[in-house]
Each structure stands twice: as structure tokens, then as C-alpha cells.
Amino acid sequence: MIIKTQMTIEREGYLLQVEKHGKGPNLLIIGSVNYYKKVIPSLLHKYFTCIYLDHRGFAAKCSSSQLDKEIDLDIISADIESICNHHNIKKTSVLGHSGHAYMAIHFAGHTKIEVDKLIVVGAAPSLSSKMQEKQFAYWSKNASEERQRLLENSMAMLENDIANEPERKFVHICRRLGPMRWANPNFDELGLWCGVETNIVLLDRLWGEVFRDIDLTRISSNLNVTVINGELDFSIAPLNTWLSIEFAFKSLELIELNGVSHTPMLECPEKFVDMMVNIQGRC
């Protein structure tokens, strides 16, 4: 992978990595640089200037910080805005996958930068208890007995994983939820997390509180949003739950991919790139 630009930006003691790859219209990819470089197909760099950036949950620290329990989406959006200003980005599309979908939507709804396309992947409208009920109903109805058995066996190992590496709790939870998160229920995602920093207090706050309580209807009514979810993604509420907040956006397009799960960019890379190019090309 050829790196066009690589740098680290310090924000209140957090060292946020930023890398730019490829050519074409700008595409912000929010999350962890070290994670998303592994799951985003390099073919995408042929069509976009992909700007991978860390948020504070996946960033190294250069000093002890007491902010983890206080960090919210306003702070994360301000970090993204600062990175864009540093790179003189005036117009960009934004991609947010999984929990980073909420960061992408919040940033797009508050930034002064022109957002061309807003694409969220593998996400439900929130992680609320109501959405979790819909998630588990979908799981119970559609997951095979073998997939459900594999999840039970996998989750039985989670307590020991966390006891051995409490600072990697987020990674171990993702890994043990594998039968819900991958089309191949035996896929072990641990290698994807190699080299990824985890600030567990902050990640617990974001995924356990902020994304649980988020109300996307309060962010902006002027966003054109495309949601791409996999048919076999049992880790979130099903795609049709977005229809309950369709009124909150200027437009909402829902795309369901057959035979894939939570991370379609890795499971069907060529199809994912084709979709991204098609979305970007629309007026």
C-alpha cells in the first residue's frame, strides 16, 4: 500500500494518526487508521483520496488524560474538523462504519465543510435497548442453529479473555461476537486489531452510553444518507429500522447486501467499491 501522506496530529494529549491514500474526490474514513487500512479494499484508492483518521478511542496518548469519561461527539467532531482544516479540505464525502456511523453523521450535521456524500455501513439508528430488542428478534428468527451454537461457545470464553487483558476488552467483545458479525461464523477477527490502540474507558462510554442514547433526529434534517448493511449482520438491528427516522434526513437510501455481514468492505470488496463509485457518481 503506497502512502500518499502520513502524519500524527496531537489533540489534548491524544495522538491522532492520519493517512491519505489514492486519488480522486476526498473520502474521510473515521475510526482507527491501523484497523481500517486492513478492511478497506485498496482498490478504493483508485477512485478516492481516502483519508483515514483515528478518533480518541483508538489513539495513543502522549500524556495522562482525565478526559476519557467526558469525551462526547462534539469533541470528536471538533477533532475531525481540525484534521480537515489542517489538510485544507473544503469538500469531502464521509464514511462511517459500525459505531463510527454516529461520528460520521454527527460530524456531517455540524461541520462547516461541504459534505458531498454521507455513507454509513453496518449501523442501526442507535444502540438503544429498543434497537437491541429488534436485533435479537432478527437473530432468533434468521440465524441458523449452528451459528447460534457457535456464538454460545464463543461468548463462553469472553470472561477469561477480559480477565487476562482487561485493557483489550473492546477487542475481545468484538471477537467473541464473531458469529453475529461475520458471514463466516468461524472467522477470527483478532488479527485485524493488531496494532490498534484501545482507550477502554472512552470506548465503554461511546458504545455503552453515547451511541445507546443518541437521537439522530436531533442532529440535522439536511443530510443525504446512504446506509449499507449486510443481510447476515446480526450484531445490530435490521436495516428496516432506519425507516422509523427517515423523516430526519433530506434523503435516506437503504442498501442491503446478500450473503455478507457487518463488514462488507472486507467480505465483498469489489462489490463494495462498485457501490461506493456509483454513490459518488450520483448527482
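The values are calculated or read from the model by the stated rules, or taken from the named source; none is laboratory data. The structure presented is a predicted model; accordingly, all values stated were derived computationally and were not measured. Note that we place each Cβ from the backbone using ideal geometry, even for glycine, and neighbour counts take in every protein chain shown.
Which residue out of Ser82, Ser63, Ser77 is at pLDDT below 95, over 16 Å from Met265 (Cβ atoms) and either of a type in the set (Gly, Ala, Ser) or assigned to a strand (DSSP E or B) (or both)? Only one candidate qualifies: Ser63. Name the residue that is surrounded by the fewest Cβ atoms within 10 Å (Cβ to Cβ), counting only residues in the range 148-168 that are outside any loop (DSSP other than H, G, I, E, B) and of a type in the set (A, V, I, L, M, F, W, C). Looking at the filtered set, the residue picked out is Ala163. For first residues located in the range 138-149 and modelled with pLDDT of 95 or more, partners that are not aliphatic (A, V, I, L, M) and lie 6+ apart or on another chain with Cβ distances below 7 Å form the pairs Tyr138/Phe234; Tyr138/Pro238; Trp139/Phe234; Ala143/Phe234; Arg147/Pro179; Arg147/Pro185. Evaluated against (1) among the polar types (S, T, N, Q); (2) more than 18 Å from Ser98 (Cα to Cα); (3) in contact with a helix residue (DSSP H, G or I) (Cβ under 6 Å, 6 or more places away or on another chain), Thr263 falls short on exactly one condition, (2).
Does the range 197-212 contain at least one residue that is touching a Leu at 6+ places or on another chain (Cβ under 8 Å), hydroxyl-bearing (Ser, Thr, Tyr) and modelled with pLDDT of 95 or more? Checking the range 197-212: not a single residue is touching a Leu at 6+ places or on another chain (Cβ under 8 Å), hydroxyl-bearing (Ser, Thr, Tyr) and modelled with pLDDT of 95 or more. The set of residues in the range 217-233 that are among the β-branched types (Val, Ile, Thr) and outside any strand (DSSP E or B) comprises Thr217, Ile219. On the stretch given as the range 117-134, residues that are hydrophobic (A, V, I, L, M, F, W, C) and in a loop (DSSP other than H, G, I, E, B) total 3. crowded, with 19+ Cβ neighbours inside 10 Å and within 25 Å of Glu253 (Cβ to Cβ): does that describe Leu127? Taking the combined requirement at face value, the residue satisfies it.
Tell me, yes or no, whether the range 215-228 has at least one residue that is closer than 24 Å to Met131 by Cβ, crowded, with 21+ Cβ neighbours inside 10 Å and among the small types (Gly, Ala, Ser). No, because not a single residue in the range 215-228 is closer than 24 Å to Met131 by Cβ, crowded, with 21+ Cβ neighbours inside 10 Å and among the small types (Gly, Ala, Ser).
Is the range 176-190 home to any residue that is in a helix (DSSP H, G or I), among the small types (Gly, Ala, Ser) and over 15 Å from the mean Cα position of the chain (by Cα)? Yes - at least one qualifying residue is present in the range 176-190. The number of residues in the range 43-99 that are of a type in the set (Asp, Glu) and buried (at least 21 other Cβ atoms within 10 Å of the Cβ) comes to 2.
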